[in-house]
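Visitor: Quick one: structure below, then a few questions.
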Amino acid sequence: MEADPTVEELVQKLGDSFEVDAGNGHVWGTDYIRVRVVIDSRKPLRRGMKLSLKDGPVWVSFRYERLPHFCYCCGMLDHVKRDCELGLELEHMGVTERPYDDRLRAASKRERQEAATNNGRWLRDAAGFPTGENSRERHQLPKLGRRPDLEMGNVHGREIGMNGRDYRDATKNPVEQMSALNQGCQILQGYDICDGAPALNLNVPEKHSPTLGAPPPKKSGPSLSDNMEGQKGHNSDGPLRSVETQESDLIFVFSSTPGDNPPRTRSWKKEARERRHSSSHTLSSSCRIKRKDEQSQILVSPPVTMSLFCWNCRGLGNPRAVRCLNELVGLKQPAVVFLCETLLDKRGMDKVRRRLGFSHCFTVDKVGRSGGLAMLWKHDIQLSLFSYSRNHIDMQVERMGSCTWRFTGYYGHPERHNRRHSWQLLQDLATKSELPWLIGGDFNDLLQPDDKVGGNPQPEWMLCGFREVVEACNLEEIPMVGGHFTWRRGGVQEKLDRGLATLRWRNLFPRAKVRLLPPLSSDHSPLWVTLDSHYKRHNRRKKRFRFEDMWLRDPGCNETNQLKQCMEHLESLKNMPSSEAIQNEEQKVLAETEEWLEREETMWRQRSCEIWLQEGDRNTRFFHRKASRRRDKNRVEKLMDAGGEWKHGFTELQGIATSYFSSLFSTTFATNIDRVTSCLSPRVTADDNAFLLQVFTETEITKALHQMHPSKAPGPDGLSPGFLQNFWHVVKDDVVKPCLDFLNHGGILPPELNFTHIVLIPKCSEPKTMANLRPISLCNVIYRVLAKVLANRFKLVLQRVISQEQSAFLPNRLITDNFMIAYEILQYMRARKTKKRGWQAVKLDMSKAFDRIEWPYLEQVMQALGFADGWIRLIMGCVSSVTFEVLLNGREAGRVTPTRGLRQGDPLSPYLFILCAEGLTAMLNDAVTRGSLHSIQICRQAPKISHLFFADDSFLFLRATETEARNLMVILRGYEAASGQVINLQKSSITFSNNVQQRTRSCISTVLGMIEVELPGRYLGLPTYISRSRTTVFSGLKNRFWACISEWREQPLSRAGREVLIKSVLQSLPTYLMSLFLLPASLCTDLERIMNRYWWGGGEDEHKIHWMEWKKLATSKRTGGLGFRAMRDFNLAMLGKQGWRLLTYPDSLAARLMKAK
């Protein structure tokens, strides 16, 4: 159609090549014109234009169809507001409003048609809003994905300005426009999140809000309860309705502006004032409906400690439940309490609120005899409602002197057929705000198969579905202490309740924990979420010296604070007039800044102990987070002493630690050593001793040094091997001389050289006693070099000394050999059902195996095997000259002088341990020779096997008779007395072949003092029995993949970093399993899908579009792929490697067994 001259003039000012919609003007009642214009995407979007007409200037607003993401601060299309420099300036000024919003988006075609159909001759009130019977439908809350708080200011193309001024001119400075925006209209209403979401009408007393009130509600529903003034609850219509409601009563009302005196058709403020004394369900300054764009982006860790409480109370109508809740609240003093399944209405919850002593309460009424949610909070905290439904309450949390974040109380559908609705709700909630987010409550879902004990296993589709939702929402689980299962009924226990949070929230509260409290009146355990954001540091200590790898980049190793200085220099250059000299100087400072950023990354990489990623990828935040999480995980806050009493604080824990290690490393004066050594025969030849005692050289020391990882575990001297490796030309003489003096002349090691720190690494998520902590020794770097030189010689001789039943730590002996042998024997025992002779397999658990080795026993075993006295003196000089300093949470807790034990962390310790275990091997072989024990043989040509050792993992095989069980106990007791080892009978177990009678089983179990199990379950980390469903047996591999990815989710990693993660971690996880079992093809496909999903969508705010299938990614980079593995092909290759190994080492125990079978 022919364009109107006015329209043509307007469009020509916007851009070129315009086209006018032929349908303009054909729809009666519309007040817009559609045109197509080419605009410059490098410039900000224009919000409108002022036209000069005969009657005066007129403002014309612009709307854009199919508008992509754009910046609300500057209107550019190439970034969003969190990446905008202008947005950072606005945040720094404390400005929350933005000059742009979603009003630039045009309505869809369908919405325009519906609006035109209902248009007619609209009546307008004083604020410019349409009234009449269709006004409700026109102003319903928008559907999911639309921002209802940004839909209020545009009615038929007109926007409301402040004081008659227009603040939308794109030529103005957005910062200057903020004051006008902040003085503008205030939206009283909130919004919900689902299709057909309800409106939120609130009765607001005049003293609490300068705005006009909303019309009175007509239907009952959830309510906001504010009893700051001690008002009693009364019956009233609830101002909220659940998300299932299809119609909306929402009416947006703006505050009046000076100079405007419109006729007031109705006064809701007066009615609200009159109803003030008839209803306590009001909105106060402590609880207000929060607009989505009214969010603070400046995050500062709160200086105060606060806690929250989540509980599925299963009904508060019972006085006992209220008493229990009151006791817990009084004991823990939470600032916010979320309750689900309250089974109460707003009046009942108001009574509970008064009894608990909370100032405010928001209630979602029960439905029939089920449901009901409540959020209670104290007067010193401010909560703002985002949205609610029958399954959630979403609030913004603010506290004086702290940052703003988001808390959602959640209750998942208990019915299985509604789980997908719960998952959809989670995904919808995740899109509603960018604030740090915590969500807690009863999810009625499991993340891992281990989250359930008893009953039928959780279906795989439910596990995978919930995981995928958690991953899609960028949530991760907050560590839980105090237990694992949150719900119990009969013999079934499940972890249904949990706390999930985004990475930004976890960074805001790095020490947050979910503490599981004992269940009281409900079958659900309450969750107590503590948000202690700062470490409690009392008696601050002087920081120990520790060499930082980042210093290696500095030739002088003496400059500090360079990164800060470079950034300040850059900032000053930006403010100077541009010139060639300034540009050159800026380039120079940029290069220097880049160098210091690399140093910073290297430092945090060292602290994170992540060795899979090489330098070069900018992952400082990733390593920083790793270091922080590792520090929090290893931190010990309380322990139980020998009397079963909990101890807190450093002084009490210090006493427990020093007492424990003084006892652990004190000799028990080994006896009966001759009984063990008499079974040993000399195996070390004269040539072996000559090799061991030949003169040590500088070349060996240099080789040993460079075999060590550069940034591993610095000891008391604070030096890492990387320091010596990089400055070897400087420190070589100072290292080589003391090493050669000791090695070649048999001198005594100086005490300071063999001084060692013991750090405590928790074995479980919540250690209770010292036995739950693993002591790791951190030796001085020079001693580690010296011990590495000895170990390099020692391991070559031990290959001929150690029997084939031991497979640990020696060249050409693999863990897979032991597992294959054990698996074949257990399958043979399981299939043995008819023959008379039965067998038993005893799995031993050694308690603190390394720490209890007696030094006299070690020395006499070496003598019995034929080692030269000079070599024994070198070894015992390294072992017996040690002094320990126990570190507890990084602080010195006391010194210990040991008289027994091997250090975990000493390069010599693994070889010395298997040497000691050779004594038990000799005793078992001697018993077999004498006939007191009988070895098992699975077929005629197969070798007879009586035991399998892999470090401290021991498997013994003998006949299932009471006599042999007693003979075995005599051997074990003699070995314990000689070596200092202690067998943990509670963790040891027995497995019998199927043809052993129950009476015989009971007698043997009594003699050995061990429990009987059907199958050992797992040996060396793998299942010992494979059922028909291999997919179910190996499904734990998918759980491990998911656990890794959930930890990496939302990490600040580049795509190159994710590539390294996939190749070095994920693809390495199944290597051990794939070396022994053929995995189902469907499982391999699932693993590839998990990796592919992480590769394409593992970064923050990345769209998860898979632009290429995994099959093409799993090709070499030369052919256009990325070098990822095809899991099925890799599985076949690893199994083929086992065949190659059997052919290459035909004399190995595993090869002889497999050939005979």
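Visitor: For the stretch 768-775, does any single residue satisfy the condition of being in contact with a helix residue (DSSP H, G or I) (Cβ under 8 Å, 6 or more places away or on another chain), crowded, with 17+ Cβ neighbours inside 10 Å and within 30 Å of Gly644 (Cα to Cα)?
Guide: For the stretch 768-775, residues in contact with a helix residue (DSSP H, G or I) (Cβ under 8 Å, 6 or more places away or on another chain), crowded, with 17+ Cβ neighbours inside 10 Å and within 30 Å of Gly644 (Cα to Cα): present.
Visitor: Residue by residue through the stretch 911-960, note down the ones that are of a type in the set (S, T, N, Q) and touching a Leu at 6+ places or on another chain (Cβ under 7 Å).
Guide: Once the filter is applied, which keeps residues that are of a type in the set (S, T, N, Q) and touching a Leu at 6+ places or on another chain (Cβ under 7 Å), the stretch 911-960 yields Ser946, Ser954.
Visitor: Restricting to helices (runs of 4 or more DSSP H) lying wholly in the stretch 682-785: which have 2 or more residues that are within 20 Å of Gly905 (Cβ to Cβ)?
Guide: Where helices (runs of 4 or more DSSP H) fall fully within the stretch 682-785 and carry at least 2 residues being within 20 Å of Gly905 (Cβ to Cβ), they are 698-706, 721-726, 728-745.
Visitor: Taking Leu1153, is it of a type outside the set (Gly, Ala, Ser), within 25 Å of Ser803 (Cβ to Cβ) and touching a residue at least 24 places away in the same chain (Cβ under 8 Å)?
Guide: Judged against the criteria, Leu1153 is a match.
The rows are residues; the columns are (1) out of contact with any helix residue (DSSP H, G or I) (no Cβ under 9 Å at 6 or more places or on another chain); (2) closer than 15 Å to Met829 by Cα.
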{"position": "Leu933", "(1), (2)": "no, no"}
{"position": "Lys944", "(1), (2)": "no, yes"}
{"position": "Asp952", "(1), (2)": "no, no"}
{"position": "Leu958", "(1), (2)": "no, yes"}
{"position": "Gln981", "(1), (2)": "no, no"}
{"position": "Arg999", "(1), (2)": "yes, no"}
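Visitor: Continuing with this model, one more query. Among the listed residues Leu1083, Leu1132, Leu1143, which satisfies the condition of being assigned to a helix (DSSP H, G or I) and farther than 27 Å from Arg1030 by Cα?
Guide: The unique qualifying residue is Leu1143.
Listed here are the residues, each with its yes/no results for (1) touching a helix residue (DSSP H, G or I) at 6+ places or on another chain (Cβ under 7 Å); (2) without any contact (Cβ under 8 Å) to a residue 40 or more places away in the chain; (3) among the basic types (Lys, Arg); (4) within 24 Å of Asp817 (Cα to Cα).
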| site | (1), (2), (3), (4) |
| --- | --- |
| Leu1020 | yes, no, no, yes |
| Thr1024 | yes, no, no, yes |
| Glu1047 | no, no, no, no |
| Ile1090 | yes, no, no, no |
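Visitor: If you don't mind, another one. Can you find, within the stretch 736-767, the residue that is surrounded by the most Cβ atoms within 10 Å (Cβ to Cβ) among those that are free of Cβ contacts under 8 Å to residues at least 24 places away in the same chain and closer than 30 Å to Leu516 by Cβ?
Guide: Filtering first and then ranking leaves Lys763.
Visitor: I would also like to ask the following. Yes or no: Thr1006 part of a helix (DSSP H, G or I), over 28 Å from Gln1138 (Cα atoms) and without any contact (Cβ under 8 Å) to a residue 60 or more places away in the chain?
Guide: yes
Visitor: Considering every residue within the stretch 1080-1087, establish whether at least one is more than 29 Å from the chain's Cα centre (by Cα), surrounded by fewer than 20 Cβ atoms within 10 Å (Cβ to Cβ), among the aliphatic types (A, V, I, L, M) and closer than 15 Å to Leu1037 by Cα.
Guide: yes
Visitor: Here's a follow-up. Quick one: is Gly75 part of a loop (DSSP other than H, G, I, E, B), on the phi > 0 side of the Ramachandran plot, modelled with pLDDT under 75 and not hydrophobic (A, V, I, L, M, F, W, C)?
Guide: The answer is no for Gly75.
Visitor: For the stretch 482-522, give me each residue that is farther than 17 Å from Asp442 by Cα and surrounded by 16 or more Cβ atoms within 10 Å (Cβ to Cβ).
Guide: Of everything in the stretch 482-522, those that are farther than 17 Å from Asp442 by Cα and surrounded by 16 or more Cβ atoms within 10 Å (Cβ to Cβ) turn out to be Thr502, Leu503, Arg504, Trp505, Arg506, Asn507, Leu508, Phe509, Pro510, Arg511, Ala512.
Visitor: Run Ile673 past the list (1) surrounded by 14 or more Cβ atoms within 10 Å (Cβ to Cβ); (2) more than 19 Å from Leu915 (Cα to Cα) and report the number of the one that doesn't hold.
Guide: Checking Ile673 against (1) surrounded by 14 or more Cβ atoms within 10 Å (Cβ to Cβ); (2) more than 19 Å from Leu915 (Cα to Cα), the one that fails is (2).
Visitor: Now for a separate question. Yes or no: Thr1000 farther than 24 Å from Ala808 by Cα and among the β-branched types (Val, Ile, Thr)?
Guide: yes
Visitor: Given the options Pro682, Pro738, Pro750, name the one that is in the same structural domain as Ala917 (by TED's automatic domain parsing) and at pLDDT below 85.
Guide: Going through Pro682, Pro738, Pro750 in turn, the sole match is Pro750.
Visitor: Going through Gln448, Gln427 one at a time, which residue ends up being polar (S, T, N, Q), farther than 22 Å from Val514 by Cα, surrounded by fewer than 21 Cβ atoms within 10 Å (Cβ to Cβ) and under 22 Å from the mean Cα position of the chain (by Cα)?
Guide: Within the list Gln448, Gln427, the selection yields Gln427.
Visitor: Looking at Val731, is it in the same structural domain as Val879 (by TED's automatic domain parsing) and either among the polar types (S, T, N, Q) or in contact with an Asp or Glu (Cβ under 9 Å, 6 or more places away or on another chain) (or both)?
Guide: no
Visitor: Given Glu918, Glu885, Glu859, which one is touching a Ser or Thr at 6+ places or on another chain (Cβ under 8 Å), closer than 22 Å to Thr667 by Cβ and in a helix (DSSP H, G or I)?
Guide: Going through Glu918, Glu885, Glu859 in turn, just one is touching a Ser or Thr at 6+ places or on another chain (Cβ under 8 Å), closer than 22 Å to Thr667 by Cβ and in a helix (DSSP H, G or I): Glu918.
Visitor: Another one. Give the residues of the stretch 1013-1068 that are outside any helix (DSSP H, G or I) and over 30 Å from Asp952 (Cα atoms), sorted by residue number.
Guide: Arg1028, Ser1029, Arg1049, Glu1050, Gln1051, Pro1052, Leu1053, Ser1054 - these are the residues of the stretch 1013-1068 that are outside any helix (DSSP H, G or I) and over 30 Å from Asp952 (Cα atoms).
Visitor: Among Gly877, Gly894, Gly905, which is the only one that is crowded, with 20+ Cβ neighbours inside 10 Å and either assigned to a loop (DSSP other than H, G, I, E, B) or out of contact with any Lys or Arg (no Cβ under 9 Å at 6 or more places or on another chain) (or both)?
Guide: Gly905
The values are calculated or read from the model by the stated rules, or taken from the named source; none is laboratory data. Bear in mind that the values here come from a model prediction, so they are computed numbers and not experimental data. Quick reminder, even Gly has a Cβ in these numbers, built from the backbone with ideal geometry, and neighbours come from all protein chains shown.
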